[in-house]
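The values are calculated or read from the model by the stated rules, or taken from the named source; none is laboratory data. These numbers were taken from a predicted model, which means no experiment stands behind them. In this analysis, Cβ positions are derived from the backbone assuming ideal geometry, glycine residues included, and neighbour counts consider all displayed protein chains. Just so you know, the surface numbers come from the protein's heavy atoms only, side chains and all, with ligands and any DNA or RNA stripped out. Shrake-Rupley method; radii C 1.70, N 1.55, O 1.52, S 1.80 Å.
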Amino acid sequence: MEKFILYNTATRQKEELKTIKKGLVGMYCCGPTVYSSPHIGNMYAYIVWDSLVRSLEYLGYEVHQVINITDVGHLVNDSDDGEDKMEKGSRKDNISAWDLAKKYEKEFVDNLELLNIKKPWKMPRATEHIAEQIELIKLIEKNGFSYQTSDGIYFDTAKFVGYGDFAKLDIEKIKEGARVEVNNEKKNPTDFALWKFSPKNEKRQMEWESPWGIGFPGWHIECTAMSTKYLGNPFDIHTGGEDHISIHHTNEIAQGHGAFGKQTANYWMHNAFITFNGEKISKSSGGLYTVFDLKEMGYDPLAYRYMVLSSHYRKGMSFSMETLKAATVALNKLREFSVGDTGKMIPEYLNEFQRLVANDLAMPEVMALIWKMIADKNYSTNDIRFTLLDFDRVLGFGLGVKIKEEIPKEIEKLAKLRFEAKAQKNWAESDRLRDEIKEKGYIIEDQPEGYKLKKYL
Ligand code: AMP
Ligand code: ZN
């Protein structure tokens, strides 16, 4: 089996993957909080981890990928106070918190399909694992890593000596900066809630009985509970966005030490962020676009997938319509090329492809390799096509299928407006509309009696 190299945040080094069970990789990816529509930033993360799953499978591993569904409300602030995201979302959408979770979980699954992301092995919901979370908190309590305040059970981070190591936190500096800390019952500013009590005189939509009182689990405990339940303890790879390094994963590691005296995962991998105008795209600030938005504007969700894979996952990328348009053109070219008779595998390219995917997901180099192969005159088109289709098991662009020329409604509408403008001899408007149509990836060809729309390749 090919040596698989990955960058482990825990050691800040590239390491060779050594799986716990031969040929099997257990992978836990922090999943979406289902209180609003997943945006393209969230889906960036799942495209990246899908490419990891596909690469491992391509190289012969069996992969058990778990993506959890966070349907219990986290509090808006990392400091365990502020409003509950699910309760807030429930008021905004005017439906119950439970229906809200169902609605956005479905949207997430629809997104996975649109982006050709393989369905995970398991997608456990936090609300269906409350008992496991309580058991874990009991264990942490028994081992002396927790304490109670008037509003919940907290993890005492001072009891875990290596607390700041994973994220290289400067604990002294955090302490100095924490004088304005809201919750002054906390022993240390980095302590975090394992269980929160429901406020007195207030019935929450989501709350459960526990040995400590009615309430709901803290932000981090679900991931430690569900990852170890489904993947064993320890398991192989834990992934998430780089925003999770300093708080969520640091706290998961603390919980692992508190409960079991060890880290729960052997490798921790993090994706960088996709930004827009230099700013992080985030759900709490309203997000930017959703995949549905892109579709509505006439873009193929797989062009977004192409765009994401063109940049390395630890580098992140800057979103722009120009890049998405370029990805659309490139993907369409690949599609055109991939339909037809096939020949046999080209070993030279296969070897290089395997080396690249196994080198910490060197996807930008993989893309360059593909274009080099397509232009390579030393091989027959049929052999190149065969090899490309095989690589698509990792790329997930759905190549080899003749795509029906489906013209989005919005483009049809613009074309109609242009036809009318032309009929009225409004040339400026007709030219403007033609340019807008072209910008969206389509060409309008005038015909003796009307016009024809074509995808721009
Ligand atoms: P959330 O639903 O907010 O819990 O986020 C789900 C996942 O999306 C997390 O792993 C985040 O780190 C990731 N994520 C959120 N925003 C972005 C972004 N702009 N770029 C890349 N990943 C992101
Ligand atoms: Zn998590």
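Scanning region 91-106 for residues that are over 17 Å from THR290 (Cα atoms), open to solvent by 50 Å² or more (accessible area, probe 1.4 Å) and part of a helix (DSSP H, G or I) turns up ARG91, LYS92, TRP98, ASP99, LYS102. Right, THR328: more than 16 Å from ligand 2 (Cβ to nearest atom) and open to solvent by less than 40 Å² (accessible area, probe 1.4 Å) or not? Answer is yes for this residue.
Note on region 377-405: among residues that are in contact (Cβ under 8 Å) with a residue 12 or more places away in the chain and among the charged types (D, E, K, R), the one that is most open to solvent (accessible area, probe 1.4 Å) is LYS402. Among the residues of region 227-245, the ones that are within 16 Å of ligand 1 (Cβ to nearest atom) and either within 16 Å of ARG314 (Cβ to Cβ) or surrounded by fewer than 19 Cβ atoms within 10 Å (Cβ to Cβ) (or both) come to 9 in all. Working carefully through the options GLU132, GLU113, GLU141, GLU128, find the one that is in contact with a strand residue (DSSP E or B) (Cβ under 8 Å, 6 or more places away or on another chain), modelled with pLDDT of 95 or more, open to solvent by 30 Å² or more (accessible area, probe 1.4 Å) and assigned to a helix (DSSP H, G or I). Answer to the check: GLU141. Within region 315-339, being closer than 15 Å to VAL366 by Cβ and either touching a residue at least 60 places away in the same chain (Cβ under 8 Å) or assigned to a helix (DSSP H, G or I) (or both) holds for ALA327, ALA330, LEU331, LEU334.
Annotation: of all residues in region 144-192 being assigned to a helix (DSSP H, G or I) and at pLDDT 95 or above, the one that is surrounded by the most Cβ atoms within 10 Å (Cβ to Cβ) is THR157. Applying the criterion of being among the hydroxyl-bearing types (Ser, Thr, Tyr) and within 16 Å of ligand 1 (Cβ to nearest atom) to the residues of region 8-43, the residue that is nearest to PHE108 (Cα to Cα) is SER37. Taking region 44-55 as the range and being near ligand 1 (Cβ under 8 Å from one of its atoms) and open to solvent by 10 Å² or more (accessible area, probe 1.4 Å) as the test, the residues that pass are ALA45, TYR46.
When the criteria are applied in full, HIS248 fails the requirement of being buried (at least 22 other Cβ atoms within 10 Å of the Cβ), within 14 Å of ligand 1 (Cβ to nearest atom) and not β-branched (Val, Ile, Thr).
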